[in-house]
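Below is one structure, written out as structure tokens, with a few remarks after it.
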Ligand SMILES: Cc1ncc(COP(=O)(O)O)c(C=O)c1O
């Protein structure tokens, strides 16, 4: 049966990119996923960065049961009670003046909605995003994403511009080293002003550029970016798909930075594994968008099933103090990774916040040449030894592991993960040295 299923993957599934394992997977619970041979693997990617309270948390299971007993789906014009409850909870969580939410399913959708709102509210259509950004795979979200190759799909939505990302370790304009002085933003905005058709609408940014290599912008970056938006009549959109609800040891990146965007999008970490996302804005912006005919009427907008799961996720984070726990466990994990960095010359940088950490691999610390073969080989060996992690950049812009276990991860699981990583690194370096000698 196992081989039949594996063959079925080759015969009947469209390959959609990214990494996929030769195995199939059977179940998931807490920090563990189990493959089709029954082998347990530590999941340090939290699924696709969604399972922040651990896979199949009892609270989520209970929410799904409750939904099955009441309602899973409704006519999009009928607002389920669960959606009203989630809207109240989100309004409690987000910083003022954000107060109104639209419940959709994916991060891509939440950004589509945010960009539509920004376009209606400003009357413009131009969108600025950061290099290395990932906002989704649908039209407008993909047009504002610069982390991956878009080649082959025709022209992107007109009016989209990229500015260089504030990567202190690997400055895209080769200006700084280890300390970003934000020249990248100044140059980027200058280029945008030159290229603009005079219809600016929004700047969209991940507070930590995650898929682009877990890049943490320098202090003051978003205050300056917010000011740049204001002076141009643009709205600032924070895509907090990965940073919201405790992952970085704060409720949101916005609260940690002290910068409230005009629109915030949340997704992955809200549903805890179910497809749930939200676009959140202030009353005045929502009102203008509504007056101008805002529409985002989809089959699964405001569905009760994911809303119940989202409510359960937020209640669990509150009840179990998971925001504080992410900070504590994140410090513990970061210290362990920094310990590895002291022993391995090939670990050029360890960065991130809370339990969203990046480890950058280089051939040597001076040249910082990305060490892709080591990244690939070690990732593979980690998996064989029982640890799943993923590599976020495989270009000239670096080779970075994103390490992001669920916020419920235990110290023992972190210790086990780091021991596996240590062994995998050592063996991979030995085998690469053997090949070249
Ligand atoms: C920051 C960010 N925004 C948006 C998305 C898109 O979300 P989805 O894949 O749910 O459409 C992702 C997905 O990886 C993401 O990392």
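Here is how the numbers come out for the structure above:
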read-out: Spin-label model distance (nm) - residue 298 vs residue 76, 7 Å beyond Cα toward Cβ; value: 0.9 nm
read-out: Largest-first principal axis extents of the Cα set of region 134-278 (Å); value: 42, 37, 29
read-out: At 1.567 mPa s and 4 °C, Stokes D of region 27-100 from Kirkwood alpha-carbon radius, µm² per second; value: 86 µm²/s
read-out: FRET efficiency for residue 432 and residue 40, using Cβ-Cβ distance with R0 set to 41 Å, rounded to 0.05; value: 0.90
read-out: Separation of the residue 91 and residue 380 label points, Cα + 7 Å toward Cβ, nm; value: 5.4 nm
read-out: Value of Rg to Rh for region 59-319 (Rh from inverse mean 1/r over Cα pairs, i.e. Kirkwood); value: 0.97
read-out: Global size of region 87-179 as Cα Rg and Dmax, reported in angstrom; value: 16.0, 46
read-out: Residues residue 227 and residue 416, FRET efficiency given R0 of 41 Å [Cβ-Cβ distance, rounded to 0.05]; value: 0.35
read-out: Two-site FRET efficiency, residue 177 against residue 338, from Cβ-Cβ distance with R₀ of 22 Å, rounded to 0.05; value: 0.65
read-out: Contour excess over end-to-end distance, with Cα ends at residue 12 and residue 61 and 0.36 nm allotted per residue; value: 14.6 nm
read-out: Whole-angstrom gap from region 101-125 to region 1-38, using each part's C-alpha centre; value: 34 Å
read-out: Prolate/oblate/rounded label for the chain (Cα gyration tensor, a/c 1.5); value: oblate
read-out: Computed helical MRE - 222 nm, the chain, DSSP H runs ≥ 4 contributing -39500 (n - 2.57), nearest 500; value: -13000 deg cm²/dmol
read-out: Relative contact order [Cα under 8 Å, 6+ residues apart], region 99-186, whole percent; value: 22 percent
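Every number here is computed from the coordinates shown, using simple stated rules; none is lab data. The model shown is predicted, which means the values in this text are computed figures rather than measured ones. Note: ideal-geometry Cβ built from the backbone for every residue, glycine included; neighbour counts use all protein chains shown.
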